[in-house]
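**Q** A single structure is presented below for examination.
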Amino acid sequence: MVILKIGGGHHINLEGIADDLQTFPPPYIIVHGANALRDELAARLGIEKRILTSVSGYSSVYSDADALDVLMMAYAGLRNKRLVELCQQRGINAIGLTGLDGRIIQGRRNRGIRIQDGEKIRIVRDFSGKPRQVNIALLKHLLQEGYVPVLTVPIADETGTAINSENDDIVTLLQGAIGATRVIHFIEAPGLLADPHRPESVIPRLGWEELARWEARAEGRMKRKLRALLQLKQQQVEQVILADGRVKHPLKEALNENGTVIQ
């Protein structure tokens, strides 16, 4: 079993991924983002994007009611259905779902994010939370019937209310629930870079101990992403690949281990 995590950047080659999937046998699960599309829609609607950075150094998007509406438009709407469409055009029987549908991903709403506000620490609450539970019966049923689940946020909280969550955390939860042996992340870079300003500085192979050192010195959203990757190690995933999602054949390149291979 493989989990494919497709980033939400503007330059991810969705058509190329869908082309490659034609020769990639199921079962597999797709989890996708849409952050660039969300930001574009928010700008059109005049809704300001706010980034919260916790006192521990992790960044996340502030999700009030307006932001959650935009998220649903971008992630659950346009990006999800266009990706399903690309798959269906190629004979891949994809089914698009959010974590809210059938409570396939249920979580716990954050009780508050501790942020630094000048010299004070204050608690900020919003519609966000962490995934905690997979509706494994529904997921297994879809896979056994030959569907390719295409999953994204929002997820359901304890009361069935839609909340935002980190797709990297959702991937970690899914991997533990279904025992996926390989996780492939498609990103807007050739892999993990030793120098963010030099694409040629890609690190081809990385051990888990080295990854922990990278996480310790990373900041912002990259710190959160690397922490989620480290959690996969605890669940005994065999291999994680950070692959360039912008190339002509993203999946084929990833399967040839072009990118950063973590194991």
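**Q** How do Ser60, Ser54, Ser128 rank when sorted from fewest to most other Cβ atoms within 10 Å of their own Cβ?
**A** Final ranking by Cβ density, sparse to dense: Ser54, Ser60, Ser128.
**Q** As I understand it, the dipole of the chain uses +1 on the Cβ of Lys and Arg and -1 on the Cβ of Asp and Glu, about the Cα centre. Which of Leu86, Ala18, Val31 lies farthest toward its positive end?
**A** My answer, from the dipole projection, is Val31.
**Q** Cα-Cα over 24 Å: which of Lys223/Lys252; Lys130/Lys233; Lys130/Lys252; Lys140/Lys248; Lys49/Lys130; Lys49/Lys225?
**A** Pairs exceeding the cut-off: Lys223/Lys252; Lys130/Lys252; Lys140/Lys248.
**Q** For segment 28-94, which trypsin sites (Lys or Arg not before Pro) are both in a DSSP coil and crowded by at most 15 other Cβ atoms within 10 Å?
**A** Lys49, Arg50, Arg90
**Q** Oh, and also: Which one of Gln175, Pro154, Gln133 is farthest out on the positive end of the charge dipole of the chain, using unit charges on Cβ (Lys, Arg +1; Asp, Glu -1) and the Cα centre as origin?
**A** Checked the options; the winner is Gln133.
**Q** Let me ask something else. Calculate one ³J(HN,Hα) per residue across segment 42-48 by plugging θ = phi - 60° into the Karplus curve 6.51 cos²θ - 1.76 cosθ + 1.60, and present them in order as whole Hz with x for glycine and proline.
**A** Once θ is set to phi - 60°, the couplings for segment 42-48 become 4, 5, 4, 8, x, 9, 6 Hz.
**Q** With unit charges on the beta carbons (Lys and Arg positive, Asp and Glu negative) and the dipole taken about the Cα centre of segment 2-262, which residue among Met222, Tyr62, Ile47 sits farthest to the positive side?
**A** Tyr62
**Q** Can you compute the charge dipole magnitude of segment 158-206 about its Cα centre, using +1 on each Lys and Arg Cβ and -1 on each Asp and Glu Cβ, nothing else charged? Give it in debye, rounded to the nearest 20.
**A** On the way: 3 positive and 7 negative charges, 57 e Å.
Approximately 280 debye in magnitude.
**Q** Just for the chain, what percent of DSSP beta bridges are antiparallel, to the closest 5? All intermediate terms of the calculation are to be shown ahead of the outcome.
**A** On the way: 20 of 47 bridges.
Beta bridges within the chain, antiparallel portion: roughly 45 percent.
**Q** Follow-up. Please state the relative contact order of the chain as a whole percent: Cα pairs under 8 Å, 6+ residues apart?
**A** Worked out over the chain, it gives 24 percent.
**Q** Indicate the gyration tensor shape class of segment 2-262 (rounded, prolate or oblate), computed on the Cα atoms with a ≥ b ≥ c the square roots of the eigenvalues: a/c under 1.5 is rounded; otherwise a/b larger than b/c is prolate and the rest oblate.
**A** rounded
**Q** Related question: Each residue of segment 253-261 in turn: what ³J(HN,Hα) in whole Hz from Karplus with 6.51, -1.76, 1.60 and θ = phi - 60°, glycine and Pro shown as x?
**A** 5, 5, 5, 8, 6, 8, x, 10, 9
**Q** Another one. Taking amide H positions as placed 1.01 Å from N in the peptide plane, with prolines and chain starts having none, which residues 5 or more places from Val2, or on another chain, fall under 5 Å of its amide H?
**A** The list, which skips near neighbours in sequence, is Ile29.
**Q** Given charges of +1 on the Cβ of Lys and Arg and -1 on the Cβ of Asp and Glu, with all other atoms neutral, how large is the dipole of the chain about its Cα centre, in debye to the nearest 20?
**A** Numbers: 34 positive and 31 negative charges, 108 e Å.
About 520 debye.
**Q** Spelling out what I want: for every residue of segment 49-63, take phi, set θ = phi - 60°, compute 6.51 cos²θ - 1.76 cosθ + 1.60 (Karplus), and round to whole Hz; glycine and proline get x.
**A** Values, residue by residue: 8, 10, 10, 9, 10, 6, 5, 8, x, 9, 9, 8, 7, 5, 10 Hz.
**Q** Give me the compactness ratio for segment 1-153, meaning the Cα radius of gyration over 2.2 N^0.38 Å.
**A** Ratio of Rg to 2.2 N^0.38 Å for segment 1-153: 1.16.
None of the figures in this text is laboratory data; all of them are computed from the coordinates on show. Owing to the predicted nature of the structure, the values given are computational and were not obtained by experimental measurement. Glycine gets a Cβ as well: all are built from the backbone with ideal geometry, and neighbour counts include every protein chain shown.
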